[in-house]
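The values are calculated or read from the model by the stated rules, or taken from the named source; none is laboratory data. Only a predicted model underlies this, so the values are computations on that prediction, with no experimental measurement involved. Cβ sites come from the backbone with ideal geometry, for glycine too, and all protein chains shown count toward neighbours.
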């Protein structure tokens, strides 16, 4: 049995700081707006998504690198809820291997920042610094708009995979529950304890 839980989504508000903060507190995921990349009807079943991401996705690996249990996280670097999930996942790095796969649909900054994170020499440090900036409302780390072709293609491929699953928001987690062995998926962020339970680490 595959368990799929989708968190409520809403377009990010544009306006006063109070509206933005309220939106961030009330939601757990970011959805595409009027961009060239739109979610499409998914042709990939959740149970198939784990192997697909393992085979065709590209991301940076953090956590327990030798762990046989891999958790895939599709994220847009401009998504504050992805930043929240990143922070909440840090205590679990000793127990599980995470592969964070950048996609790009929120803004023009998404792809360049995704490229910078994907190629960082120290991905934990780079991601922590970036997400702290996103959560502080500072826009994230600076990144060159000149992206190597192979990295640009990797981010586009990740985004295409995201769309093929019919997913409408990030962060999107695909994992095998450590207790049941079943593929589980979730669109939205978790607190640490809930994430551990979702992954079957308790």
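The figures follow:
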read-out: Test: residue 46 is crowded, with 17+ Cβ neighbours inside 10 Å, at pLDDT 50 or above and farther than 21 Å from residue 194 by Cβ; value: no
read-out: Residue check for residue 52: over 22 Å from residue 110 (Cα atoms), modelled with pLDDT of 50 or more, surrounded by 15 or more Cβ atoms within 10 Å (Cβ to Cβ) and touching a helix residue (DSSP H, G or I) at 6+ places or on another chain (Cβ under 9 Å); value: yes
read-out: Residues being over 20 Å from residue 57 (Cα atoms) and crowded, with 16+ Cβ neighbours inside 10 Å - total across segment 109-125; value: 1
read-out: From the options 147, 134, 151, residue that is in contact (Cβ under 8 Å) with a residue 24 or more places away in the chain and closer than 19 Å to residue 28 by Cα; value: 134
read-out: Residue among 188, 200, 166 that is in contact with a strand residue (DSSP E or B) (Cβ under 9 Å, 6 or more places away or on another chain) and surrounded by fewer than 21 Cβ atoms within 10 Å (Cβ to Cβ); value: 200
read-out: So residue 108, is it on the phi < 0 side of the Ramachandran plot and out of contact with any helix residue (DSSP H, G or I) (no Cβ under 9 Å at 6 or more places or on another chain); value: yes
read-out: Hits in segment 58-83 - residues which are within 12 Å of the chain's Cα centre (by Cα), more than 13 Å from residue 189 (Cβ to Cβ) and not in a loop (DSSP other than H, G, I, E, B); value: 60, 71, 72
read-out: Test set (1) closer than 29 Å to residue 125 by Cβ; (2) at pLDDT 90 or above; (3) surrounded by 15 or more Cβ atoms within 10 Å (Cβ to Cβ) - residue 61 fails condition number; value: (3)
